[in-house]
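Worksheet: the structure to be examined is printed underneath.
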Amino acid sequence: MIRPNSTVTTICQFVIGSVGTLLVAAGGVFLFVWLPSGTSVFGVLLAVITTVLGARIAGRLATTVLPTYNVAEVAVTGPIARDGDFGPVPGRGQSIPVDDIVEQIERAEDDRNADALVMKLNTPGGEVVPSDDIRNAVLAFEGPTIAYATDTCASGGYWIASACDEIWARETSVIGSIGVIGSRLNASTLAEELGLSYERFAAGRYKDAGAALKEIDDDERAYLQGLIDDYYEHFIERVAAGRDLDPDAIRDTEARVYLGDEAQDLDLIDTVGTHEEVLDHVTDLLGTEAVHTEFEPKRGFRQRFQRGAHGLAFAFGAGVRSHVDERFNVRL
């Protein structure tokens, strides 16, 4: 068996790509230059275009037949959001749209060369449903799945990590924050000072629960807290199932965060180690050398520039918002 990324693999890919390109080039010359009566500039142009396209196809075929990797690595970086864009606010960062992350995991699942999946996590958390979308995509991957936490794997990030077969982290990684937070803006006093009043037109007792321009009553407060509690129980259930932990033990963390070693003592992670050690472990799981490639969405120059700039501003923080509606925000 030829190992991924070996010298033999590279040589074989070159041979397949070269032979394929030559065959296509010969076909192009035959069809557009030799076969027509008389040589034309247009025919030569068509032959050149055919050769270029053939070279690309032959290269992809060579990569498919003789892959240079057997491990797919998908990154979740920054706050978790459906559209992946939290705007140019320093310290909040900019992330990849969740649907793009799910697409890369699904692409890895469909790729017959990807025998294992490494989820590289550096996120403080974020929106509830998008976090669950990524988690479900990880669960659907057939093969070993490893979560590798770099700087921060908190809240929604840990929601995702708990779906993996194993969780690895660095000694100084921040792990945990298994909790949910909701917030509302109370501007009723300010509105009164400005001479503004709230006039309600709604059908349904709780349709405007949490509206900023009115005082919240006890029933509304209980209703909104109930939503938070329901999300929290979902979080507990997922972590308990994924990590085989007692739900009460998870509740006892009270949404604290822990550094790598302490997180390992609490069974929130399996092993403290580096990225290289993760790949060594995957090598043992696969029985052959683990060679990874990053599965990531294609981005234009502007997107890459913005992502780099926002990455400099990204820092440790709490999870960011997931809307129940435009008045009451829930986040992991």
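The values are calculated or read from the model by the stated rules, or taken from the named source; none is laboratory data. None of the values given here were measured: they were computed from a predicted structure. Don't worry about glycine lacking a Cβ; one is built from the backbone with ideal geometry, like all the others, and counts go over all protein chains shown.
Scanning for something assigned to a helix (DSSP H, G or I) and out of contact with any strand residue (DSSP E or B) (no Cβ under 8 Å at 6 or more places or on another chain), does segment 281-289 turn up at least one residue? Spell out how you get there, then give the answer.
Restricting attention to segment 281-289, the residues satisfying the condition of being assigned to a helix (DSSP H, G or I) are 281-286.
With the extra rule that they be out of contact with any strand residue (DSSP E or B) (no Cβ under 8 Å at 6 or more places or on another chain), the set shrinks to 283-284.
Yes, segment 281-289 has at least one match.
On the given criteria, is residue 146 among the β-branched types (Val, Ile, Thr), touching a His at 6+ places or on another chain (Cβ under 8 Å) and more than 15 Å from residue 106 (Cβ to Cβ)?
Yes, satisfied.
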Checking residue 200 against (1) in contact (Cβ under 8 Å) with a residue 60 or more places away in the chain; (2) in contact with an Asp or Glu (Cβ under 7 Å, 6 or more places away or on another chain), which single condition isn't satisfied? (1)
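Residue-by-condition table, conditions (1) hydrophobic (A, V, I, L, M, F, W, C); (2) at pLDDT below 75; (3) part of a loop (DSSP other than H, G, I, E, B); (4) surrounded by fewer than 20 Cβ atoms within 10 Å (Cβ to Cβ):
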site: 49; (1), (2), (3), (4): yes, no, no, yes
site: 60; (1), (2), (3), (4): no, yes, no, yes
site: 63; (1), (2), (3), (4): no, yes, no, yes
site: 85; (1), (2), (3), (4): no, yes, yes, yes
site: 93; (1), (2), (3), (4): no, yes, yes, no
site: 99; (1), (2), (3), (4): no, no, no, yes
Condition check: part of a helix (DSSP H, G or I), assigned by TED's automatic domain parsing to the domain that holds residue 103, at pLDDT 95 or above and among the polar types (S, T, N, Q). Does residue 264 satisfy that? yes
Answer yes or no: is there a residue in segment 182-196 that is in contact with a Cys (Cβ under 7 Å, 6 or more places away or on another chain) and at negative phi. no
Sort out which residues of segment 154-174 are closer than 20 Å to residue 279 by Cα and over 12 Å from the mean Cα position of the chain (by Cα), and write them in order of number. 162, 163, 164, 165, 166, 167, 168, 169, 170, 171, 172, 173
What number goes with the only condition from (1) at pLDDT below 95; (2) out of contact with any strand residue (DSSP E or B) (no Cβ under 8 Å at 6 or more places or on another chain); (3) closer than 23 Å to residue 134 by Cα that residue 197 does not pass? (3)
Can you give me the number of residues within segment 238-255 that are assigned to a loop (DSSP other than H, G, I, E, B) and exposed (fewer than 14 other Cβ atoms within 10 Å of the Cβ)? 4
Here are 251, 321: which of them is at pLDDT 90 or above and within 20 Å of residue 160 (Cα to Cα)? 251
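Got at least one residue in segment 126-141 being polar (S, T, N, Q) and not in a helix (DSSP H, G or I)?
No, because not a single residue in segment 126-141 is polar (S, T, N, Q) and not in a helix (DSSP H, G or I).
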If you take the residues in segment 223-237 that are closer than 19 Å to residue 268 by Cβ and either touching a residue at least 24 places away in the same chain (Cβ under 8 Å) or under 22 Å from the mean Cα position of the chain (by Cα) (or both), which one is surrounded by the fewest Cβ atoms within 10 Å (Cβ to Cβ)? 237
